[in-house]
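Worksheet: one structure, shown below.
Any read-out appearing in this document is the output of simple, stated calculations on the displayed coordinates, not a laboratory observation. The model shown is predicted, which means the values in this text are computed figures rather than measured ones. Positions of Cβ are generated from backbone atoms using ideal geometry, with glycine treated the same way; all protein chains shown enter the neighbour counts.
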Amino acid sequence: MTAFKPHGIIPPIVTPVTAAGRFDAAAQQRLIEHLLANGVHGIFPLGTTGEFYAFSPAETEQILAHAVKVCAGKVPVYAGANHITTQGAVEFCKIAEAVGADAVSVLTPMFISQTQAELFRHYETIAASTRLPVVLYNNKPKTNVTIEPETVARLAQIENIVAVKDSTGDMTNTAEYLRLTRHLPDFSVLLGRDTLIFAGLCHGAAGAIAATANVAPRLVVEIYEKYRSGDLAGALDAQFRLAPLRLAANLGTFPQAIKEGLNMLGFAIGKCVDPIAELEPAQKDKLRQVLRELGLIGQEDLGKAGTTRC
């Protein structure tokens, strides 16, 4: 298997939909091209931010295939392959493989409360079922299930399990992932909490899968690039500038604020799939103010895709 090492800033892209709730391929293309122009290191469709739970296998295939086509090998495509059962996740991995994705990200099963032994077998079975690199995805705040550091360390020994995304927001947990896998040069730890990107890089993380990179890709990339260049003060400043946007992502039901932000920037990617509602007017005002303070709106090029200040 070819070595594959996830790194850098990887936006978990929103899934654009029409007013009728159908996948909007043209809007996805415009968004991906905008993100690539701003220097991201990968594209991740159908994660939590991409509302993976809202789409059928056929729609999943369409969404992933189009993202692969638009990226055209410029950056890796990480496909969400999430299901409450092991076999269901295996089937989504097969879809990702068939459309030419570069890797899969697999969230812990939801609703059921697995033991660590059951989680280990879950991921072991999935990894054995696919030739693709596998990224473990721990999002305890959403699933109420966590992959303990010791379990990650065991799973990291499997050849095509190449990384873990930690969205717990618990820096101690992230640090333990890093400590227990630091002897494995081909295994990466990625931050899934946007306010902790700088902290994670300082501990040895390889990058971040950051929802706010949909809205402010250049600013998020700046944290990574400045850190890698040795400009720690600049990286920290970029992290602090990003913080209000990540906090604003908590407005409404996630990921509606991310979609609202993109709509405010002129990307017309629709709202979240029902039952998620639009933000309330006061929430929209708060989000709009954050975007204004970042310099993302109120400029002459408002609504145009391409490189922005953030």
Seminar exercise, completed: Stokes-Einstein, Kirkwood over Cα pairs, the chain, 25 °C, 0.890 mPa s; D in µm²/s equals 128 µm²/s
For this session: Would you grab the residues whose amide H sits under 5 Å from the one on Ile297? Only those 5+ places off in sequence or on another chain, please, with H modelled 1.01 Å from N.
Result: Arg292
For this session: Take segment 36-122, compute every pairwise Cα distance, and split them into 10 Å bins from 0; I just need the percent in each bin.
Result: 17, 49, 26, 8, 0
Problem set entry | Sites Glu124 and Ala19 - FRET efficiency at Förster radius 41 Å, r taken between beta-carbons, to 0.05 | 0.45
Seminar exercise, completed: Label model pair Arg182, Cys202: point-to-point distance (7 angstrom along the Cα→beta-carbon line) in nm is 1.5 nm
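About its Cα centre, how strong a charge dipole does segment 135-255 have in debye, to the nearest 20, once Lys and Arg get +1 and Asp and Glu get -1 at the Cβ? Intermediate results must be reported in sequence, preceding the final value.
Numbers: 12 positive and 12 negative charges, 44 e Å.
Here segment 135-255 has a charge dipole of around 220 debye.
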For this session: Mind checking the full-extension length gain between Ala268 and Ile158? Use 0.36 nm per residue of separation minus the Cα-Cα distance, one decimal, nm.
Result: 35.5 nm
For this session: For helix 57-71, report the angle its Cα long axis makes with the longest principal axis of the Cα atoms of the chain; keep it between 0 and 90° and round to the nearest 10°.
Result: 70 degrees
Seminar exercise, completed: So for R0 = 51 Å, FRET eff. of Ser229-Phe111 from the Cβ-Cβ r, to 0.05, ends up at 0.70
Seminar exercise, completed: For the chain, the dipole about the Cα centre with charges only on Cβ (Lys and Arg +1, Asp and Glu -1), to the nearest 20 debye, works out at 360 debye
